[in-house]
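Undergrad: Let me give you the structure first, and then I'll get to my questions.
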Amino acid sequence: MRFIVIYFYIFIVGLILGSFYNVVGIRVSRGQSIAFPSSHCPNCRRKIPIHEMIPFISYLFLLGKCRGCGIRISLIYPIVEISCALLFVFTFIIEPSLSSIIMGWLLISLLLIIFVSDITDMIIPDKVLIVFFILFIFYRIIFPISPWWQSAAGSIAGFFILFSINYINRGSIGGGDIKLFTVLGYLLGLETVLLALFLSAFFGAVIGGGGQLTGWLKKGQPIPFGPFISLGTLMAFFFGEQMMRWYVSLVS
Ligand SMILES: [Zn+2]
């Protein structure tokens, strides 16, 4: 019973943070302030009253439409809010230690912001990366990785692998993706960032390729890589050890 109360609190905090990450993801990439102006409909400029800003719930009550002009509210908002809440609770349930729970929450926060900004504007904002790089450095001072060189090696590998692919393919990968993997490498360490890279590329190829085959994506249409990085990195974080063990048992 006590645990259900804790899960509930974490869920609510996740919803509220998810709604904040939506604002950060959209406004920072457009060079706007996070605090001003207050939320308004991008179409009719109607100011959104407090009772319509309850994460996820308000979207359901408004049936996904602006009350002023009836324009559809992007599905990204409720998806990010509910994902943040569920992932926060999931992390708390399956991660064994305080350090890995905090690491999971940090990762989810960064990746959801990137998901929003990359999907809406195809931008991974430097400001967001810098703030999280600083947070990750502090995290690694408090909870050091072993062996100690894993963080630096993770950053360097993340940078050089994407930089090389980009160089060979003449700029097919955005500069933001390269910087994002440099930052992620520091937190994840060498082994996990390599797995995250592999999984991101895998999801990108499967979903991107599938999208082109079904005609859902046009050929040559640029697609944001951020959502695949978010998916691949979270998979590597949550299930990396199981995947490595499974792989080793296959090849040995
Ligand atoms: Zn409106």
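Undergrad: Does Ile137 meet the test of being among the β-branched types (Val, Ile, Thr), surrounded by 15 or more Cβ atoms within 10 Å (Cβ to Cβ), closer than 20 Å to Lys179 by Cβ and touching a residue at least 12 places away in the same chain (Cβ under 8 Å)?
TA: Taking the combined requirement at face value, the residue does not satisfy it.
Undergrad: Cβ contacts < 6 Å: first residue assigned to a helix (DSSP H, G or I), restricted to segment 26-45; second residue of a type in the set (Ser, Thr, Tyr), any location; separation 6+ or different chain. Result?
TA: Listed by first residue and then by second, the contacts come to Ile26/Thr120; Ser29/Ser117.
Undergrad: Any residue that is closer than 29 Å to Lys127 by Cβ, touching a helix residue (DSSP H, G or I) at 6+ places or on another chain (Cβ under 6 Å) and more than 16 Å from the ligand (Cβ to nearest atom) - is there at least one of those in segment 30-43?
TA: The answer is yes, given that some residue of segment 30-43 is closer than 29 Å to Lys127 by Cβ, touching a helix residue (DSSP H, G or I) at 6+ places or on another chain (Cβ under 6 Å) and more than 16 Å from the ligand (Cβ to nearest atom).
Undergrad: Test of understanding: among Phe202, Phe237, which residue is in a helix (DSSP H, G or I) and either in contact with a Phe, Trp or Tyr (Cβ under 6 Å, 6 or more places away or on another chain) or touching a residue at least 40 places away in the same chain (Cβ under 8 Å) (or both)?
TA: Going through Phe202, Phe237 in turn, the sole match is Phe237.
Undergrad: Only one of (1) in contact with a Phe, Trp or Tyr (Cβ under 9 Å, 6 or more places away or on another chain); (2) touching a residue at least 12 places away in the same chain (Cβ under 8 Å); (3) not in a helix (DSSP H, G or I) is not met by Gly18, so which one is it?
TA: Unmet condition: (3).
Undergrad: If you go through segment 205-220 one residue at a time, how many are assigned to a loop (DSSP other than H, G, I, E, B) and more than 14 Å from Ile119 (Cβ to Cβ)?
TA: 6
Undergrad: Confirm whether Val5 is under 18 Å from the mean Cα position of the chain (by Cα) and either surrounded by 10 or more Cβ atoms within 10 Å (Cβ to Cβ) or free of Cβ contacts under 8 Å to residues at least 24 places away in the same chain (or both).
TA: no
Undergrad: Follow-up. Go through segment 52-81 and give me each residue that's surrounded by fewer than 15 Cβ atoms within 10 Å (Cβ to Cβ), closer than 16 Å to Ile12 by Cα and more than 16 Å from the ligand (Cβ to nearest atom).
TA: Ile57
Undergrad: For segment 199-230, how many residues are of a type in the set (Ser, Thr, Tyr) and modelled with pLDDT under 90?
TA: 1
The values are calculated or read from the model by the stated rules, or taken from the named source; none is laboratory data. Small disclaimer: the values here were computed from a predicted structure and weren't measured. Glycine also receives a Cβ, built like all others from the backbone with ideal geometry; neighbour counts cover every protein chain displayed.
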